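K.L.:
Here it is, the structure, as structure tokens.
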Ligand code: FES
Ligand code: FES
């Protein structure tokens with residue numbers, strides 16, 4: 001088969017900006033999200049959640065709830081199968097302990113965080129269910145809560161779990177102390193490195209827990225039918241992960257479970273696991289009716305997500321000529337109530353950008369009495385970069401070097417071996433930083449008091465992982481494209497565009513869908529900036545097979561050798577004969593039947609991408625409020641399939657990054673109760689808080705993809721916190737060692753200085 | 001279960017009636033009783049704007065209005081925004097400017113933007129940002145939403161963009 005690779009200048013569809021196919025239903029309110037399912041005879045489920053951060057469940061009395069009119073089923077932890085602690089592969093997401101996943105869906109013996117599910121009710125309507133939940137009586141024996149990594153790692157800290165495997169999100173950690181496991185990586189000779197340094201900077205940072213903040217809550221509807229087959233309608237990043245986890249937790253055959261993915265109202269990493277699903281399933285089984293469960297917003301904040309808080313120490317040494325000679329990082333990240341937070345990705349992202357000959361990092365995955373952390377867009381990276389990129393800025397100013405030149409001098413480049421041991425795949429890291437320097441924003445005058453400019457640079461990676469797609473040619477020349485990955489922000493379009501490019505036809509000929517788990521091959525969820533890149537490759541491979549089959553059909557019609565048929569831009573030809581894609585599709589049924597190609601693959605992982613941001617701020621020294629005056633984000637996306645969507649990913653990432661940098665945090669009281677579980681008090685950026693975000697797209701092709709595409713969905717959430725911290729320093733001369741950099745902290749830092 | 005009330009109202013220009021309990025919000029009535037699921041629930045406490053509708057021309061969070069309060073009122077929802085299958089200029093502009101990603105916030109932004117342009121047909125960026133600050137979007141960073149509203153305003157004013 002001929003190569004499907006295309007150079008940028010030969011692309012016809014990829015790089016254009018067609019209007020998305022699901023858009024019309026979204027502007028008319030017709031798109032069907034998780035909560036838009038209404039089944040006949042459907043009940044509504046509600047959860048009772050723990051008001052305590054850490055406690056033993058002594059007893060649960062559900063009798064009053066059961067007696068309430070309109071209540072059809074009540075369950076608690078004892079209704080779940082007792083499953084062993086066992087680590088189960090989650091594809092390239094690593095391993096997870098199924099017992100932990102079950103316990104997180106509903107506590108059995110112990111509650112481990114404020115909001116931990118304890119019991120649930122299904123009733124005729126949600127109000128009755130909520131009233132019944134209040135009638136459930138639970139007796140607790142309180143235990144002291146551990147609310148941050150330092151408390152959990154203290155010598156005298158009580159052990160939270162009697163049994164806990166080390167974490168294994170993406171890569172395993174090793175057993176270390178009671179509440180923490182560890183990753184250690186090093187190269188060179190760290191002591192010798194610091195001995196050679198002309199300047200050493202050593203700093204300590206803290207970051208708080210924050211949430212993904214998707215506007216659609218977690219919602220699932222489950223029908224456990226009389227044949228013990230389960231159908232789920234749910235809002236998820238991965239219909240297969242939900243299916244398989246559910247089967248494991250309920251100890252039922254995977255073949256009995258079908259998951260129908262609905263439109264996803266935002267996820268950002270937080271909707272790749274089961275929460276409500278097994279609970280709704282058991283309620284449905286008990287009541288013999290379908291059950292819908294939807295979390296209230298306070299439940300979403302108390303019991304799902306979040307992204308970890310962290311305690312970070314950074315020590316870096318630089319030579320007078322600008323060479324970073326040594327670095328030592330200590331990254332202690334919250335895992336939440338169960339092991340397996342994003343510490344490995346904190347380690348990778350903090351060590352991959354610069355060539356540092358003597359480098360060591362100790363990463364810790366720490367159990368705390370908070371909800372189990374889930375990935376949030378570039379999980380683990382913003383925390384580490386908040387620390388490291390501020391120290392980089394400080395080192396550059398110590399040796400009086402331009403901060404971008406300093407970064408260029410120390411950059412990792414294609415082929416360099418990164419700390420985890422793999423080489424950096426091809427991309428032009430220097431071109432990105434040169435474009436920062438060349439951009440008018442970098443040199444624009446910034447006048448006025450208390451104004452400052454900051455930059456930050458980051459690297460992130462695309463996951464490859466198993467994925468599936470199917471192309472079906474219709475007799476009228478239109479094509480159905482099914483892809484295994486839930487579409488979170490336009491991937492039906494970006495995949496159809498790649499298929500159209502490969503087939504040589506117009507993207508308007510496509511109808512694109514994401515089928516249920518029965519109707520397409522397995523895939524890892526939509527995570528890790530992978531769908532447009534990874535499923536894109538599989539779609540292009542499927543298109544190559546469609547073209548090969550159609551060439552055979554043309555050869556049959558013309559009675560020539562199939563090898564003599566060539567195809568370009570949707571026209572098949574051999575000698576002086578030619579036929580269009582559409583005409584040939586029309587002949588499909590009388591030349592051998594339907595043409596449907598189903599393809600699975602597992603494209604390469606750790607495809608790198610880079611981004612750098614410039615931000616201008618003005619700090620109000622009276623209130624500590626940071627106003628963003630101008631923001632420019634540079635990102636290398638390999639090839640922008642749909643530039644509007646790429647800009648949208650960059651802009652959305654930046655604003656989420658601004659939110660975590662300046663505002664967003666969980667406030668717990670001394671007993672470990674969350675005090676700000678609403679969108680009023682958990683304050684995400686509004687349109688008033690941010691300016692327009694200029695997105696500068698760079699395209700250094702990714703050789704692992706036929707059109708050079710890199711995933712673009714995550715990376716730009718990483719730099720805002722450190723770019724803003726550097727800008728604040730430039731504006732008012734203080735180093736911010738705590739994220740979020742909320743007004744009271746900025747004020748305190750300014751007051752401490754003077 | 002508390003007693004249900006009979007409520008007569010006008011929804012998207014058509015007379016309508018429904019039964020609802022006093023504790024049911026207008027959002028719940030629209031979505032669960034009338035099966036008009038275009039208005040979305042993001043918070044159920046007035047902080048996200050996903051449930052925005054117009055009551056007698058006034059923009060409200062329908063999660064913070066009771067269903068029984070709809071008695072005798074004119075309710076406008078996203079389902080009534082396109083007329084005879086023709087998208088409203090705001091709807092077109094949100095499509096063309098990619099003013100959405102996941103789309104869960106989109107009906108709310110469209111209703112809010114519509115109310116804005118009815119009040120102020122040529123808002124500047126600051127006015128748009130101020131008006132839309134009651135609607136949360138976690139996906140877009142607002143940039144393309146603001147541009148979509150500007151574009152619709154220009155188109156409605158008969159100007160070329
Ligand atoms: S659901 Fe009404 S404001 Fe959020
Ligand atoms: S488009 Fe997803 S919340 Fe706005």
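Read-outs: derived from the displayed coordinates by stated rules, not from any lab. Note that this is a predicted model, so its numbers are computed, not measured. Reconstructed Cβ throughout: ideal geometry from the backbone, glycine too, with neighbour counts over all protein chains shown.
K.L.:
Determine the percent antiparallel among the DSSP beta bridges restricted to the range B:5-80, to the nearest 5.
P.N.:
Beta bridges within the range B:5-80, antiparallel portion: roughly 90 percent.
K.L.:
Give me the distance between the Cα centres of the range A:230-255 and the range A:312-382, rounded to whole Å.
P.N.:
Comparing the Cα centres of the range A:230-255 and the range A:312-382, I get a distance of 33 Å.
K.L.:
Here is a follow-up. Please work out the Kirkwood hydrodynamic radius for the range A:247-357, using every pair of different C-alpha atoms, and report it in angstroms with one decimal place.
P.N.:
With all distinct Cα pairs of the range A:247-357 included, I get 18.4 Å.
K.L.:
For the range A:170-322, just say rounded, prolate or oblate: build the C-alpha gyration tensor, square-root its eigenvalues into a ≥ b ≥ c, call rounded for a/c under 1.5, and beyond that prolate if a/b exceeds b/c, oblate if not.
P.N.:
prolate
K.L.:
For chain A, what is the calculated [θ] at 222 nm in deg cm²/dmol (nearest 500), taking -39500 (n - 2.57) for each run of four or more DSSP H residues and dividing by its residue count?
P.N.:
-8000 deg cm²/dmol
K.L.:
Rg/Rh for the range B:89-156 to two decimals, with Rh computed the Kirkwood way over all alpha-carbon pairs.
P.N.:
0.90
K.L.:
I need A:551, A:566 ordered by Cβ neighbour count within 10 Å, fewest first.
P.N.:
A:566, A:551
K.L.:
Turning to a different aspect of this structure: Which values of log₁₀ I(q)/I(0), to two decimal places, follow from the Debye formula for chain A at q = 0.07 Å⁻¹ with a uniform point scatterer at every Cα?
P.N.:
Treating every Cα as an identical point scatterer, log10 I(q)/I(0) equals -0.52.
K.L.:
For the range A:1-139, just list the percent of Cα-Cα distances falling in each 10 Å bin from zero outward, please.
P.N.:
Percent of Cα pairs in each bin: 10, 24, 22, 19, 11, 10, 4, 0.
K.L.:
Then there's this: Please identify which residues in the range A:153-175 have an amide N closer than 16 Å to a label point set 7 Å out from the Cα of residue A:330, following the Cα→Cβ vector.
P.N.:
A:153-156
K.L.:
Helix B:143-156 versus the longest principal axis of chain B: what is the Cα-based angle in degrees, 0 to 90, to the nearest 10?
P.N.:
So the helix axis and the longest Cα principal axis differ by about 90 degrees.
K.L.:
In what order do A:460, B:131, A:224, A:558 fall by count of nearby beta-carbon atoms within 10 Å, going from fewest to most?
P.N.:
A:558, B:131, A:224, A:460
K.L.:
What percent does the relative contact order of chain A come to when contacts are Cα pairs within less than 8 Å and at least six residues apart?
P.N.:
Dividing the mean separation by the residue count of chain A yields 15 percent.
K.L.:
Grab the beta carbon distance between residue B:69 and residue A:559, set R0 = 60 Å, and tell me the FRET efficiency rounded to 0.05.
P.N.:
0.20
K.L.:
So if we plug the beta-carbon distance of residue B:56 and residue B:124 into 1/(1 + (r/R0)^6) with R0 = 25 Å, what FRET efficiency do we get, rounded to 0.05?
P.N.:
With a Förster radius of 25 Å, E is 0.35.
K.L.:
If R₀ is 25 angstrom, what is the calculated FRET efficiency for the pair residue A:667 and residue A:177, using the beta carbon separation as r and rounding to 0.05?
P.N.:
Efficiency, from the Cβ-Cβ distance: 0.35.
K.L.:
Using only Cα atoms, what Kirkwood radius does the range B:5-80 have, in angstroms?
P.N.:
Hydrodynamic radius (Kirkwood, Cα only) of the range B:5-80 equals 11.9 Å.
K.L.:
Moving on. With no solvent and one equal point scatterer per Cα, compute the Debye intensity ratio I(q)/I(0) for chain B at 0.10 Å⁻¹ and report its log10, rounded to two decimals.
P.N.:
-0.36
K.L.:
As I understand it, the value is the acute angle between the Cα axis of helix B:106-119 and the longest principal axis of the Cα atoms of chain B; what does it come to in degrees, rounded to 10?
P.N.:
Once rounded, the angle reads 70 degrees.
K.L.:
Sort A:583, A:216, A:208 by Cβ crowding within 10 Å, fewest neighbours at the top.
P.N.:
Fewest-to-most Cβ neighbours within 10 Å comes out as A:583, A:208, A:216.
K.L.:
Sort the following peptides by mean Cβ neighbour count (other Cβ atoms within 10 Å, averaged over residues), highest first: A:185-191, A:243-249, A:388-394, A:7-13.
P.N.:
Top to bottom by mean Cβ count within 10 Å: A:388-394, A:243-249, A:185-191, A:7-13.
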